[in-house]
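Asker: This is the structure I have questions about; it appears just below.
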Amino acid sequence: MKAYDVVALGELLIDFTENGISEQGNPLCEANPGGAPCNVLAMLSKAGRKTAFIGKVGQDIWGARLKAALEEVKIDTSGLVSDAQVRTTLAFVETLPDGDRNFSFYRNPGADMMLREDEIRKELLENTKIFHFGTLSMTDETVRRATREAIGIAKENGAILSFDPNLRPPLWRTLEEAKEQTAYGCSQCDVLKISDNEIRWFTGEEDFDTGVARLRERFGIPLILLSMGRDGSRAYYKDLRVEAPPFLQENTIETTGAGDTFVGCCLHGLLKYGLEDLDETKLRRMLTFANGAASLITTRRGALRVMPDPGEVERLIADRIG
């Protein structure tokens, strides 16, 4: 028996999101704990799963607050390193009129980039059912080596590997380098979550089915989860292509964390059903639950601290589709 359901490695940072205008007409920002891997874990923890995080923050105000936030949502922080030499990574998130987002990162360097191989707690990776990672821990050589070390340990110990590219162009020297590291992640994973804009960028295909076919031919990934924003989501597994509609919200505030919430719910479903014996019914249930949870998070500021309760998601689904 494994002690952890999901262990994730990557960035833990503060998302400064706009929250109103001051009397002087200046934007007011709210400091939300964030970082895609921890958002995923927060959703899993809300669903009752045992989770742990591997990463690095600075020995500063924000690093201490982030550690406290993880502990608050019941994510194991024994793999979180605190470094006095670098500062905690910050991100400023601007919500555009069409609902999309623009990111400005303060990360040159940021603490998450400086995680070293020798700082990884191997026992976490040896005792997890699923290991989840993304590309932000592969933008720089130090943390890239740590990520590859973690992947190797998790694989050796029989973990399912889950990968979300989570493309953030400003953090890469070139987009070619981003493609190289995305290809590496795809070559290692059993489960790939990829968004509509990412699959177009990575495969060069406008048609999603064609893009997925290219990914499967090149990498042989058993399960591919495609998020399509306002168009819902799809799962590609063996000869199955399963689609679920979105739950659109009239009172959407921002989309930060929606994709991470989706991933967390899908991994929750995978822990329930297993990777070897999925069928159309199980996949549709997984996608429907994930779409519902992702829609709820868009009505809240931030993500990590405000993940929806599974009962809340089920009530939304029952109200919308019975």
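Nothing in this text is a laboratory measurement; each read-out follows from the coordinates by a stated rule. This one's a predicted model, so the numbers in the text were calculated from it and none came from an experiment. No Cβ is skipped: glycine too gets one built from the backbone with ideal geometry, and neighbour counts run over all protein chains shown.
Asker: State the dimensionless ratio Rg/Rh of segment 20-89 (Rg: radius of gyration of Cα atoms; Rh: Kirkwood radius). Intermediate values should be presented prior to the final figure.
Answerer: Numbers: Rg = 14.4 Å, Rh = 13.3 Å.
Rg/Rh: 1.08.
Asker: While we're on this one: So what are the radius of gyration and Dmax for the Cα set of segment 213-264, in Å?
Answerer: 13.3, 41
Asker: Stretched out fully, how many nm does the piece from ARG320 to THR95 gain, at 0.36 nm a residue minus the Cα gap? Show your work: numbers first, answer last.
Answerer: Numbers: separation 225, 0.36 × 225 = 81.00 nm, distance 2.73 nm.
Result: 78.3 nm gained on full extension.
Asker: Can I ask one more? List the pair-distance distribution P(r) of segment 63-168, using every Cα-Cα distance, as the percent of pairs falling in each 10 Å bin from 0 up to the bin containing the longest distance, rounded to whole percents.
Answerer: 13, 38, 37, 11, 1
Asker: A further question follows. At R0 = 30 Å, how high is the FRET efficiency between ASP60 and ALA183 if r is their beta carbon distance? Nearest 0.05 is fine. If you can, show how the numbers build up before the last one.
Answerer: Details: r = 35 Å, r/R0 = 1.16.
The formula returns an efficiency of 0.30 here.
Asker: Now a separate question. So what does log10 I(q)/I(0) come out to for segment 1-46 at q = 0.17, 0.26 Å⁻¹, using the Debye formula with one equal point on every Cα and no solvent?
Answerer: The computed values of log10 I(q)/I(0) come out as -0.62, -0.92.
Asker: Separate question: In the chain, how many lysine pairs have Cα atoms under 14 Å apart, counting only pairs 8 or more places apart or on different chains?
Answerer: Number of lysine pairs found: 14.
Asker: Exposure proxy check: LEU171, LEU12 ranked by fewest other beta carbons within 10 Å? List each step's numbers first, then the result.
Answerer: Numbers: LEU171 20, LEU12 32.
Fewest to most other Cβ atoms nearby, the residues stand as LEU171, LEU12.
Asker: How are the Cα pair distances of segment 1-153 distributed, in percent, across 10 Å bins from 0?
Answerer: Result returned by the calculation: 11, 40, 33, 13, 3, 0.
Asker: Considering every pair of different Cα atoms, what Kirkwood radius, in Å, is found for segment 198-322?
Answerer: On the way: mean 1/r = 0.0663 Å⁻¹.
Kirkwood hydrodynamic radius for segment 198-322: 15.1 Å.
Asker: How would you rank ARG218, ARG49, going from fewest to most other Cβ atoms within 10 Å of each one's own Cβ?
Answerer: ARG218, ARG49
Asker: Here's something else I'd like to know. About the Cα centre of the chain, what is the dipole size in debye to 20, counting +1 per Lys and Arg Cβ and -1 per Asp and Glu Cβ, all else neutral? Mind showing how you got there, number by number?
Answerer: Details: 40 positive and 50 negative charges, 129 e Å.
The calculation lands at about 620 debye.
Asker: Give the residue from ASN197, TYR4, ILE75 lying farthest towards the positive end of the charge dipole for the chain; charges sit on Cβ (+1 for Lys and Arg, -1 for Asp and Glu) and the dipole is referred to the Cα centre.
Answerer: TYR4
Asker: Starting from the exponent 0.38 and prefactor 2.2 Å, build the expected Rg for the chain from its residue count and divide its actual Cα Rg by it. Can you show the working numbers first?
Answerer: Numbers: Rg = 18.4 Å, N = 322, 2.2 N^0.38 = 19.7 Å.
Working it through for the chain, the quotient is 0.93.
Asker: Using a Gaussian network model of the chain with C-alpha springs under 10 Å, which one of THR88, THR128, THR142 is most mobile by mean-square fluctuation?
Answerer: Maximum fluctuation in the GNM of the chain, among the listed residues, is at THR142.
Asker: Can you list residues from other chains, or at least 5 along the same chain, whose modelled amide H is less than 5 Å from the amide H of CYS29?
Answerer: The list, which skips near neighbours in sequence, is ASN19.
Asker: Given R₀ = 30 Å, FRET efficiency for GLU276-ARG173 by Cβ-Cβ distance, to 0.05?
Answerer: Numbers: r = 39 Å, r/R0 = 1.31.
My answer for the efficiency is 0.15.
Asker: Segment 93-148: Rg/Rh from Cα coordinates, Kirkwood Rh? Can you show the working numbers first?
Answerer: Details: Rg = 15.1 Å, Rh = 13.5 Å.
My calculation puts Rg/Rh at 1.12.
Asker: To continue, here is another question. DSSP H helices in the chain with Cα extent of 18 Å or more along the helix axis and mean Kyte-Doolittle hydropathy at least 0.5? Please list the in-between numbers first.
Answerer: Working: long enough: 141-156 (22 Å, -0.69); 175-188 (20 Å, -1.05); 258-273 (22 Å, 0.71); 280-297 (26 Å, 0.19).
Once both thresholds are applied, what remains is 258-273.
Asker: Sticking with this one: So, with +1 on the Cβ of K and R and -1 on the Cβ of D and E, and no other charges, what is the size of the charge dipole of segment 1-88 about its Cα centre, to the nearest 20 debye? Show your work: numbers first, answer last.
Answerer: Details: 9 positive and 11 negative charges, 99 e Å.
It works out to roughly 480 debye.
Asker: Okay, moving on. Out of every Cα pair in segment 196-242, what percent are spaced more than 14 Å from each other? Let's see the in-between values first.
Answerer: Values: 489 of 1081 pairs.
So the portion of pairs separated by more than 14 Å is 45 percent.
Asker: As an exercise, use a Förster radius of 30 Å and the Cβ-Cβ distance of GLN24 and PHE219 to find the FRET efficiency, rounded to the nearest 0.05. Provide the component values of the computation, followed by the final result.
Answerer: Values: r = 52 Å, r/R0 = 1.73.
For GLN24 and PHE219, the calculated efficiency is 0.05.
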